[in-house]
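Here's the structure, in structure tokens; my notes come after.
Every number here is computed from the coordinates shown, using simple stated rules; none is lab data. These figures come from a predicted structure and were not determined experimentally. Cβ: placed from backbone, ideal geometry, glycine included. Neighbour counts: every protein chain shown.
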Amino acid sequence: MEVKMEAWEQKNKKRMFGVVGFLSLATVVTYLMNDYYVYIAAYVWFGVVYGMCLQYGRFCFSSAFRDLFAVGVPRMVVGIMIAMIFFAFVSSFVTATNMSTFHAAPVGYFMIIAGFIFGVGMVFAGGCASGSLYKTGEGSGAAMLVLLSISITQSVFVAIRGNWVNKLVPQSWHDSAVSKGLPAVIKVGDGWMDQYLAGYVWNHPNITFARMFGFPDESVFGAFVLNTFVGVILPAALVLVWVYLVWVRKGFLKKRMAAGQGTGFGANLAGYWSMITASKRTALAGLVLGIAAGFHMFVMKGLQVKFGVQNFGELMQRMGHTFGLTVNGTVFDPGYWYVTTQEAQWIGWITQKIGIENMDNIFFGLTNGIPNPLFNPADWMTIGLLAGAMIMALAHNEFKWKKPTMELAFWAILGGFFMGIGSRLALGCNVGAFFIRVSNGNPSGWLFGIGMVGGAFLGVKIFNWYTERKMAKEMEAF
Amino acid sequence: MAMKFEKKGEGLYYLDVLGYVCPHPQIYAKKALEKIAKGDVLEMVFDNPSSAESVGAMCEANGIEIIEKKKEGSTFVWKIKKP
């Protein structure tokens with residue numbers, strides 16, 4: 001048995017070096033082919049760091065409020081707040097030196113609805129968009145189904161056209177959308193999603209806390225005080241105070257009383273701190289993730305400056321790859337961590353290849369494109385993330401192929417569906433619409449977060465009912 | 001494979017959530033601990049690494065002792081005593 005275990009652990013180590021070796025080789029070979037590929041390599045290796053951190057810290061945004069509501073565990077809320085504070089801090093340096101790639105998203109109440117739908121989905125699916133990625137890297141078949149479901153839902157949702165959906169579009173959205181003067185190849189007056197985007201979402205202001213108070217994001221006051229302190233550190237600390245008071249305080253003080261210790265203000269401070277440090281793994285992962293996410297923006301901007309471009313699509317054209325570029329000659333190139341858009345692009349590329357036209361909508365045709373996955377920088381970030389999670393899981397002997405049962409497959413597909421809808425309505429997921437936006441002082445991120453918390457609450461209520469029924473059935477036997 | 005919750009003997013219960021992903025294992029663990037009596041032991045078998053983190057934190061916060069933590073390959077076998 002022990003010999004078998006040792007052989008298995010040895011095999012895991014070999015596989016781990018295999019993954020690292022493959023990515024290293026791909027980096028070197030592609031660089032030798034053309035130094036523009038260093039742009040993709042940067043995405044890949046930041047993806048690896050994200051994947052390693054997510055797997056090491058069991059860092060899943062879904063579990064943040066779900067585990068708080070379901071089992072009273074605050075570790076992930078703490079981890080996320082730590083990650084956002086550090087990300088915001090690094091990001092404020094990057095922004096103040098004019099090296100940020102961040103673009104604020106429109107701010108409106110629709111973000112709460114989008115977050116709510118996403119939040120329900122992530123509880124059903126057993127992981128958020130990034131969590132499902134790292135769990136796929138651990139070998140989870142259910143997580144793979146979640147990814148597939150998110151990808152297909154998004155790519156279909158953005159492309160649905162016809163009278164039946166147009167009937168659901170308010171006239172004001174239609175009028176506003178067609179008045180935007182988009183290129184004729186984009187059929188902006190037809191389809192729910194395009195009219196929602198061009199006729200409704202785009203009419204909302206792309207603001208940050210700095211700009212709300214009349215300061216540019218690049219100013220020191222705007223970047224450090226307004227976007228970071230007012231926009232991130234203060235609300236994050238308040239969220240943690242709320243979590244401490246509602247979920248942690250009682251149990252902590254009870255333990256102190258039992259040990260004959262005091263329960264005054266000092267004790268509460270100690271309790272607050274113990275909540276922050278309770279899960280060192282998660283806290284450490286949050287810290288590294290936050291710093292890496294900020295540094296990622298700096299590196300991508302640096303490469304854009306080095307090559308004299310603003311988007312990878314320009315480099316693709318220089319290399320002679322023009323398939324799947326948007327009408328503006330660009331591709332999805334966020335310049336920072338993103339998850340869901342590139343997942344939609346995989347399916348978008350496949351459906352285009354089998355003859356279904358989808359470059360006439362805003363999502364694929366105007367803003368993101370459907371480049372060959374081999375040249376899709378954000379896709380490679382996702383592959384890097386999967387590889388990073390796999391490396392970490394193999395290193396700790398936690399990698400295992402797990403075929404989903406029908407029960408889990410059902411929840412995975414349903415959850416992925418809701419996450420796919422939610423992320424398109426919000427123009428991003430728990431990473432792109434929440435983590436990145438909050439950390440860069442965009443109030444849109446907090447609105448998505450509020451919705452996500454509400455959705456998680458409803459999701460947990462449904463799950464509690466479902467599991468209670470199953471437990472009761474099991475307990476009939478005794 | 002569906003979840004199993006069985007009485008194995010006097011004061012000993014068995015919860016098998018192998019193959020389940022989040023949040024099933026931690027929710028079942030919480031519910032099983034609610035259902036058994038004080039002093040009873042719950043043997044929990046699962047293979048979802050992130051649930052280990054959540055169940056561990058839940059027990060720690062509520063003063064519940066995990067009397068045995070075993071890892072057989074990628075399977076976690078924990079014995080949890082309800083205080």
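Taking 0.36 nm per residue of sequence separation and removing the Cα-Cα distance, the A:Glu468/A:Val241 pair yields an extension gain of 78.6 nm.
Magnitude of the Cβ-charge dipole of chain B, K/R +1 and D/E -1, about the Cα centre, nearest 20 debye?
180 debye
Taking other Cβ atoms within 10 Å as a rough exposure proxy, A:Phe22, A:Phe69, A:Phe229 sort from fewest to most as A:Phe22, A:Phe229, A:Phe69.
Please list, by residue number, every one of the trypsin sites (Lys or Arg not before Pro) in the range B:7-83 that is coil in DSSP and has at most 10 other beta-carbon atoms within 10 Å.
B:Lys38
Each residue of the range A:239-246 was assigned a 3J(HN,Hα) from its phi angle through the Karplus expression (A = 6.51, B = -1.76, C = 1.60, θ = phi - 60°), giving 4, 5, 5, 4, 4, 4, 5, 7 Hz with x at Gly and Pro.
Of all GluC sites (Glu not before Pro) in the range B:1-77, which ones are in loop regions per DSSP and have a Cβ with at most 14 other Cβ atoms within 10 Å? Walk me through the intermediate numbers first.
Values: sites: B:Glu6, B:Glu10, B:Glu34, B:Glu43, B:Glu53, B:Glu60, B:Glu65, B:Glu68, B:Glu72; in loops: B:Glu10.
Answer in residue order: B:Glu10.
Write out the trypsin sites (Lys or Arg not before Pro) in the range A:190-275 meeting two conditions: DSSP loop, and at most 14 other Cβ atoms within 10 Å of their Cβ.
Answer in residue order: no site qualifies.
For chain A, the 222 nm mean residue ellipticity estimated from helices alone, with every DSSP H stretch of n ≥ 4 adding -39500 (n - 2.57) and the total spread over all residues, rounds to -21000 deg cm²/dmol. Listed by chain and number, the aspartates and glutamates placed with their C-alpha closer than 17 angstrom to that of A:Lys301 are A:Asp35, A:Asp217, A:Glu218, A:Glu314, A:Asp333; residues fewer than eight positions away on the same chain are left out. Fewest neighbouring Cβ atoms within 10 Å first, the residues A:Ser140, A:Ser149, A:Ser172 line up as A:Ser172, A:Ser149, A:Ser140. Once you reduce the range A:44-102 and the range A:182-244 to the center of their Cα atoms, the two points are 18 Å from each other. Could you tell me what % of all Cα pairs in chain A have separations over 40 Å? For chain A, the fraction of Cα-Cα distances above 40 Å is 20 percent. Relative to the longest principal axis of the Cα atoms of chain A, the long axis of helix A:377-395 makes an angle of roughly 30 degrees.
Pick from B:Gly11, B:Gly19, B:Gly73 the residue whose mean-square fluctuation is largest in a GNM of chain B, springs joining Cα atoms under 10 Å. It is B:Gly73. Across the range A:250-265, coupling constants 3J(HN,Hα) worked out from phi with the 6.51/-1.76/1.60 Karplus curve, θ = phi - 60°, read 4, x, 5, 5, 4, 5, 5, 5, 4, 8, x, 9, x, 10, x, 4 Hz, and Gly and Pro carry x. For the segment B:65-78, counting C-beta atoms of other chains within 10 Å of every residue's C-beta and taking the mean gives 2.
Ranked for footprinting exposure by Cβ neighbours inside 10 Å, fewest first, A:Phe118, A:Phe307, A:Phe61 give A:Phe307, A:Phe61, A:Phe118. With θ taken as phi - 60° and the Karplus curve 6.51 cos²θ - 1.76 cosθ + 1.60 applied, the whole-hertz 3J(HN,Hα) list for the range A:316-331 is 4, 5, 4, 8, x, 9, 10, 5, x, 6, 6, 4, 8, x, 10, 9 Hz, x standing for glycine and proline. Close amide H contacts of B:Glu43 (hydrogens built in the peptide plane, cut-off under 5 Å, sequence separation of 5 or more or a different chain): B:Tyr13, B:Tyr14, B:Leu15, B:Ile80.
In whole Å, how far is the Cα centre of the range A:431-478 from that of the range A:298-376? Spelled out, the Cα-based centre of one part sits 32 Å from the other. Taking a spot 7 Å from the Cα of A:Asn397 along the direction of its beta carbon, which residues of the range A:1-42 have an amide N less than 13 Å from it? Output list for this probe position: A:1-13.
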